[in-house]
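Just below is one structure, and these are the notes that go with it.
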Amino acid sequence: MQDKTSPQGRASLEDVAKLSGVSTATVSRVLNGSTTVRQSRREAVERACEELGYVMNRAARTLASRRSMTIGAVVPTLATETFSRTLAAFQHQIHKSGYTLLLANSEFDPDIEFREVNKLVEYGIDALLLVGHTHHQRLWERIEQHKIPCIQTFSIDTQHPSIGYDSVKAAQRVTEHLLSLGHKKFGMIAGTPPTNDRVYDRLRGIREVLNNAGLSLPESNLIECAFSINDARKGLFTLLDGPEPPTAVICGNDMLAFGAMRAASERYMRIPNDISIAGFNDYEYAEHLEHPLTTMRVELDQIGLDAAEYLLATLNGQAVKQQWVLEPELIVRSSTGSAPRQGR
C-alpha cells in the first residue's frame, strides 16, 4: 500500500491538499474556520485530514499569527443547565470560526475565578467569557493589562461589555404574579454566595414588590445556601417548619424548584392548592414535571450566541455594541395557583 504522507511519516499541509485535490491555501482557510470555502471542498479537506490523521501544529501557528485560537470561559458551576446550555451554544458558535473553548469552574468564589483567569491568560487565550459583574478586585486590572477582549454574561454592567437581563425586574414580575393570586406569605430558596449578584438583585426585586404591598420576606423564610436538588428539598422543610410557613416559594432556578416540589410531595402537600412554587430560567424539563413549573424564561442559548458574536467581532476588529439586554418572560404553568383560603 502506498504511503500517502510525507517522507517523515507525519502528514503535512501539502499532503492534505494533494489528497483532497485543493490548494494548500484552501486547506489553510478550512482549518482556520473560514466560511468562504465551498462546502464540497470543505468536506474534501475534512475527509483528507481524517484519513491522514493530520493535526495542526498549534504552537507554530500561534507564533506565526500571534493568536492561540482559544477562548476562555470561567463560570460559577457546571452543575446546572443555566450555564451548560449557554456554554454549548457559545462553543458551537466560536468553533465555526476555528476557536477552541478552554473552560474553568470558579465555584462562586472570586479568588478561584481570579486564579483560573490567570491560568487561562498564561495559556494565551485570545478572549474571555465571565459570569456576572461582581469579581475579584484585581480581575479587570489583569484583563486590561493583557488587552484581552472580555464579555460578562447574565448581568448588565454599564462599565464593561455585558450580555444579560434586569434581575430586579424579572423577580418583580414573578412576585407580582404570586401576589395577584392572593399570596401573602412568601419564601425564597437560592444560593447566594458573595459573587452571585444575579440572586441578590432578584432578592431585592422580591422585597421591593412585597414592601409596596405592605408585606415582607422574613429572614427566616430565606434559604441562602441551596445549590442542589437535595439542598432545596431540605430548604423547603425548613421553611414549612419555621415560624411563618409560606404559601408561595420563589426558587433561584428550576432545579431548586424541583427539589422544593419533592419536599412538598413528601409532606403530602398539594401543588398548587396548598403551596405554589416558581422557578427561574425555564429549563428544558420544566414544562414536563408532574406539576409543570411556573418560571421566568431566560434565553440561555441566546446569551451564548450573543457572547460569541461580541468576542469574534472584537477579535476581528469590527465595531460591535457593548451592551446586550435581554427580556426574561414570565411563563405561567400549573405549579402556581390561588393562595389557600385559610393560609397555612
Mind checking whether some residue in segment 305-318 is touching a helix residue (DSSP H, G or I) at 6+ places or on another chain (Cβ under 7 Å), assigned by TED's automatic domain parsing to the domain that holds Gly98 and free of Cβ contacts under 8 Å to residues at least 60 places away in the same chain?
no
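Test of understanding: among Lys147, Lys119, which residue is among the charged types (D, E, K, R) and in a loop (DSSP other than H, G, I, E, B)?
On the way: Lys119 fails: in a loop (DSSP other than H, G, I, E, B).
Every option except Lys147 fails the conditions.
Can you confirm whether Arg85 is among the charged types (D, E, K, R), modelled with pLDDT of 85 or more and assigned by TED's automatic domain parsing to the domain that holds Ile125?
Working: among the charged types (D, E, K, R): yes; modelled with pLDDT of 85 or more: yes; assigned by TED's automatic domain parsing to the domain that holds Ile125: yes.
Taking the combined requirement at face value, the residue satisfies it.
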Could you say whether any residue in segment 175-182 is part of a loop (DSSP other than H, G, I, E, B) and at pLDDT below 95?
no
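Here are some residues: Ala260, Ala307. Which one is within 18 Å of Thr77 (Cβ to Cβ) and either assigned to a loop (DSSP other than H, G, I, E, B) or hydrophobic (A, V, I, L, M, F, W, C) (or both)? Step through it out loud before you land on a result.
Working: Ala260 fails: within 18 Å of Thr77 (Cβ to Cβ).
The unique qualifying residue is Ala307.
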Residues of segment 98-113 being more than 21 Å from Glu141 (Cα to Cα) and either outside the structural domain of Leu305 (by TED's automatic domain parsing) or β-branched (Val, Ile, Thr) (or both), which ones?
Thr100
Are there any pairs, at least 6 apart or on different chains, whose C-beta atoms fall under 8 Å, with the first in segment 108-136 and aromatic (Phe, Trp, Tyr) and the second surrounded by 16 or more Cβ atoms within 10 Å (Cβ to Cβ) and in a strand (DSSP E or B), and if so, which?
Phe108/Gly191; Tyr123/Thr70; Tyr123/Gly72; Tyr123/Leu102
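Of all residues in segment 97-112, count the ones that are farther than 15 Å from Phe83 by Cα and among the charged types (D, E, K, R).
Within segment 97-112, the first condition is being farther than 15 Å from Phe83 by Cα, and the residues that meet it are 97-100, 109-112.
In the following step, the residues that additionally are among the charged types (D, E, K, R) were identified as 109, 111.
Going through segment 97-112 one residue at a time, the tally reaches 2.
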Kindly provide the set of residues from segment 69-90 that are in contact (Cβ under 8 Å) with a residue 40 or more places away in the chain and either part of a helix (DSSP H, G or I) or among the polar types (S, T, N, Q) (or both), ordered by number.
Thr70, Thr77, Thr80, Glu81, Thr82, Phe83, Arg85, Thr86, Leu87, Ala88, Ala89, Phe90
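One line per residue, one yes/no per condition, for (1) among the β-branched types (Val, Ile, Thr); (2) closer than 22 Å to Val325 by Cα; (3) over 20 Å from the mean Cα position of the chain (by Cα); (4) surrounded by 23 or more Cβ atoms within 10 Å (Cβ to Cβ):
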site: Ala213; (1), (2), (3), (4): no, no, yes, no
site: Ser216; (1), (2), (3), (4): no, no, yes, no
site: Glu219; (1), (2), (3), (4): no, no, yes, no
site: Ile223; (1), (2), (3), (4): yes, no, yes, yes
site: Tyr268; (1), (2), (3), (4): no, no, yes, no
site: Phe280; (1), (2), (3), (4): no, yes, no, yes
site: Leu312; (1), (2), (3), (4): no, yes, no, no
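The values are calculated or read from the model by the stated rules, or taken from the named source; none is laboratory data. Here the structure is a predicted model, which means the values were calculated and not measured. All Cβ positions, even for glycine, are placed from backbone atoms using ideal geometry, and neighbour counts span all protein chains on display.
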